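Worksheet: one structure, shown below.
The values are calculated or read from the model by the stated rules, or taken from the named source; none is laboratory data. Here the structure is a predicted model, which is why all the values come from computation and not from measurement. Glycine also receives a Cβ, built like all others from the backbone with ideal geometry; neighbour counts cover every protein chain displayed. Areas reflect the complete protein model, heavy atoms only, side chains present, ligands, DNA and RNA absent. Shrake-Rupley method; radii C 1.70, N 1.55, O 1.52, S 1.80 Å.
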Amino acid sequence: MRLEKLISLMKDQGFDGALISPGTNLYYLTDLHLHEVGERLTVLVVNARGEYHFLAPSLYENVIRGFPVTFWRDGENPYEKLAWILAELQLPGGRLLIEDTMRADWLINILRLESFEFHPLSSLVKELRMRKDRREIKLMKHAATVADRVFEELLGWNISGIRERELALKIELAVRELSDGISFEPIVASGENAANPHHAPGDRRIRKGDLVILDYGARYKGYCSDITRTIAVGQPDERLVEIYNVVKEAQERAYRAVREGIKAKEVDRAARDTIAGAGYEKYFTHRTGHGLGLDVHEEPYIGPEGEVVLEEGMTFTIEPGIYVPGLGGVRIEDDVAVIDGKGKRLTRAERELIVL
Ligand code: CO
Ligand code: CO
């Protein structure tokens, strides 16, 4: 179990313990996925001597196995039980790691128990999570292949005249047919809406002459894919075709720049220089990509400030875009892994402009 790795890192770095609430870090460290915990206090307490104990609502009695665990029932005060666990594990205060995404109401109540010095759990776990092993890469490849297959499928749909929100729903259903679920709410941005990188699909009907940005992903055994393709419905404006070709070139150059030992920001620079060379720099308003794994956005971030040195097994997106207000936008996004020292695309869907 990867929890042992965390414990040895904690010892090395002088932490007394960790409080880990449900989320992708808990899943990564223990393989436990607790569905819909909501407001009920659930936390794994770990100390630097390697002892740990779970506190969980009794709803999960059949799910949490193989751990020392205390369950609490609705109506009981779980913080009294947490205080008991902290005492058992000899953690009266101290320097503790805490799950970054823990609910603020839990944290406020925990801070009333003892005086802790908290540090984000991600600061240690990200070092482990950034480098994927072969099994993880396989799962990510599967998630990426699902996204590819849905893209091929949607090219056969008649999308002219349908609303953005309807197309987003159709994409979501197609992804769910083939995987464990969506990795995030699909983005469908058509026409002038495509000038907004994270447009929420709305009532606009897709029509002839539109470029349409489709950004979606699948989740498979916890691991995410994230693809963006921009397609044309009918022949688009010539300026949009020019923009498309610039983005495609930027995406390709950034991909070719990927290799072990360089900094993330060098990949960003390859994309940014290409777009700047074509005169569209001010319309490329975000970083080139982000790490991908159990979370859709995680380390390493591929931006102008990206100091992380790329290593074998790192997985991230390359997704430059150009967004011109009033006209539209283009983004092309692939998932990439560093394998045998070089970049390898996990996303294989067609990257040439497709006109439906
Ligand atoms: Co995306
Ligand atoms: Co992305």
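Hydrodynamic analysis of the stretch 2-128 uses the Kirkwood radius over alpha carbon pairs. Inserted into Stokes-Einstein at 10 °C and 1.306 mPa s, it gives a translational diffusion coefficient of 109 µm²/s. Dividing the helix sum by the residues of the chain, where each DSSP H run of 4 or more adds -39500 (n - 2.57), gives a mean residue ellipticity at 222 nm of -10000 deg cm²/dmol. Rolling a 1.4 Å probe over the protein heavy atoms leaves THR285 with an accessible area of roughly 90 Å². Counting only heavy atoms of the protein chains, get the accessible area per residue of the stretch 1-103 (1.4 Å probe) and round it to a whole Å² value. Using a 1.4 Å probe on heavy atoms only, each residue of the stretch 1-103 averages 48 Å². Using a Förster distance of 41 Å, how high is the FRET efficiency between ARG239 and ASN77, based on the Cβ-Cβ distance and rounded to 0.05? According to the calculation, E is roughly 0.05. Between LYS141, LYS342, LYS81, the Gaussian network model of the chain with springs among Cα atoms under 10 angstrom shows the greatest mean-square fluctuation at LYS81. Of the residues GLY66, GLY23, GLY277, the one that moves most in a GNM of the chain with alpha-carbon contacts below 10 Å is GLY66. Label reach from GLU350 (point 7 Å along Cα→C-beta): in the stretch 155-173, amide nitrogens under 11 Å belong to 155-156. Among GLY94, GLY17, GLY343, the largest mean-square fluctuation in a Gaussian network model of the chain, built with springs joining Cα atoms closer than 10 Å, belongs to GLY94.
Counting Lys and Arg as +1 and Asp and Glu as -1 over every other residue whose Cβ lies under 10 Å from the Cβ of GLU298, the net charge comes to 0. Taking all protein chains together and rolling a 1.4 Å probe, HIS198 ends up with roughly 130 Å² accessible. Normalising by residue count, the stretch 92-141 has a Cα convex hull of 95 Å³ per residue.
Each label was represented as a point 7 Å from its Cα along the Cα-to-Cβ direction; for THR70 and GLU307 these points are 4.1 nm apart. Sorted largest first, the spans of the alpha carbon positions of the stretch 200-342 along the three principal axes are 44, 38, 22 Å. Annotation: per residue accessible area for the stretch 130-345 equals 41 Å², rounded to a whole number [probe 1.4 Å, protein chains only]. Once the Cα-Cα distance is subtracted from the 0.36 nm per residue extended length, the ALA87 to TRP157 segment shows a gain of 19.2 nm.
Annotation: lysines with alpha-carbon distance below 27 angstrom to LYS126 (same-chain offsets under eight excluded): LYS5, LYS11, LYS138, LYS141, LYS221, LYS263, LYS265, LYS342, LYS344.
For the stretch 68-160, the calculated P(r), taken from all Cα-Cα distances in 5 Å bins from zero up to the bin holding the longest distance, is 3, 9, 13, 14, 12, 9, 8, 10, 9, 5, 5, 3, 1 percent. Here the translational diffusion coefficient of the chain follows from Stokes-Einstein with Rh set to the Kirkwood radius across Cα pairs; for 20 °C and 1.002 mPa s it amounts to 97 µm²/s.
For the peptides 68-78, 158-168, the ranking by mean Cβ contacts within 10 Å, running from highest to lowest, is 158-168, 68-78. Each residue, ARG112 and VAL63, gets one label point 7 Å from its Cα in the Cβ direction; the gap between the two is 2.6 nm. Between the stretch 255-286 and the stretch 132-158, the alpha-carbon centres lie 25 Å apart. Surface composition of the chain: carbon and sulfur atoms hold 47% of the protein heavy-atom accessible area at a 1.4 Å probe.
On a 0 to 90° scale, report how tilted helix 3-12 is relative to the longest principal axis of the chain, with both axes built from alpha carbons and the result rounded to the nearest 10. The two axes meet at around 70 degrees. Here the label points at TYR27 and SER123, each 7 Å from Cα along the C-beta direction, are separated by 2.6 nm in the simple model.
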